[in-house]
1. Calculate one ³J(HN,Hα) per residue across the stretch 155-161 by plugging θ = phi - 60° into the Karplus curve 6.51 cos²θ - 1.76 cosθ + 1.60, and present them in order as whole Hz with x for glycine and proline.
2. Starting from 0.36 nm per residue, how many nanometres of slack lie between Asn120 and Asp65 once their C-alpha separation is accounted for?
3. Of the GluC sites (Glu not before Pro) in the stretch 1-68, which ones lie in a loop per DSSP and count no more than 11 other C-beta atoms within 10 Å?
4. Among (1) 9, 33, 31, 17, 8, 2, 0; (2) 10, 39, 39, 11, 1; (3) 8, 27, 27, 18, 13, 5, 3, 0, which is the computed P(r) over Cα pairs in 10 Å bins from 0, in percent?
5. I'd like the carbon and sulfur percentage of the solvent accessible area for the stretch 1-85, probe radius 1.4 Å, heavy atoms only, ligands and nucleic acids excluded.
6. Have a look at Ala24, Cys152, Gln40 and report the one farthest towards the positive end of the charge dipole of the chain, computed about the Cα centre with Cβ charges (Lys/Arg +1, Asp/Glu -1).
7. Of the candidates Asp129, Asp74, Asp38, which one comes out as most mobile in a Gaussian network treatment of the chain with C-alpha springs shorter than 10 Å?
8. Whose amide H sits under 5 Å from the amide H of Trp128, counting only residues 5 or more places off or on another chain, with H placed in the peptide plane?
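The values are calculated or read from the model by the stated rules, or taken from the named source; none is laboratory data. Owing to the predicted nature of the structure, the values given are computational and were not obtained by experimental measurement. Quick reminder, even Gly has a Cβ in these numbers, built from the backbone with ideal geometry, and neighbours come from all protein chains shown. When the accessible area is computed, the model is the full protein with side chains, heavy atoms only, and any ligands, DNA or RNA have been set aside. Shrake-Rupley method; radii C 1.70, N 1.55, O 1.52, S 1.80 Å.
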Amino acid sequence: MLHEIDDLRKERQRVEARPSTEGAPPVLTVFDVVPAVDPQDYIRRVRTVLSAALDLAITESFEDDDLPTEGIPDWFAAVSGAAGSEIAEFSRRGMDRYHAAVNEKSWDLQWWLFEFDPDNEFRGWAWWDVTQSGGGRVRIWTDSWGESFFACDELRWLLYTAGADEVSGPFLADTPEWTQEITGQ
C-alpha cells in the first residue's frame, strides 16, 4: 500500500488529535491492548514514536542507507537495537511479549523506520485514533482500507515495546463503534 505525502500528513495529524468523524472510512480495524503501564503513559509513548516516524516519512528521501534518528525516543531506539541506551524494563517486557505472540525476531530501528517510506508497499495500515475502554484497556484504531488481514508487525512491535502485556487484533469494526469511544489523551 503506497502512502502519498498528503495522506502521511493527515495521518500525522491524527496521531496528535482525534480526527473528525466526517470523512472517516466506513470500516476501521482495531487492536485491543492491555498495557502493563499507566494507559496515559502508554498512549503518549505510542504517539511520540509514530509522530517521529511520520515526520521522517514526510521529510526524508529514504535514499540513504540510514535515516536520522534524533527524534526517536531513547527507549524505542534501545529496544530496537540502537547502541548507547539501556533497554527500559517496560520495553524489555514488551519485547518478550512480542516474541511470544508473533514468534519473530526483534525489529532493527532502521528496518522499522523504513516501513514508513512512502514508496513502501508493505505497510498495510494508517493510524486513525487511540481510545480508552474499561479496565485500563487501550484500543488502537487503524485504517486498513477495509482489509481484515494486512502487514502490521511493525505496529505490533511498537505496541508491545511501548509497554503492552497483550495485543489482540486486528479486528474489523464499523466506524460508528469508534465514534462512541473516548479518545485517549
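1. For the stretch 155-161, the Karplus curve yields 5, 4, 4, 4, 4, 5, 6 Hz.
2. Gain in length upon complete extension: 18.3 nm.
3. On the way: sites: Glu4, Glu11, Glu16, Glu22, Glu60, Glu63; in loops: Glu4, Glu22, Glu60, Glu63.
Loop-located and lightly packed - Glu4, Glu22, Glu63.
4. (2)
5. Numbers: 1900 of 4250 Å².
The nonpolar share, carbon plus sulfur, comes to 45 percent.
6. The listed residue farthest towards the positive side: Gln40.
7. Asp38
8. Under 5 Å from the amide H of Trp128 lie the amide H atoms of Trp141, Thr142, Asp143, each far enough along the sequence or on another chain.
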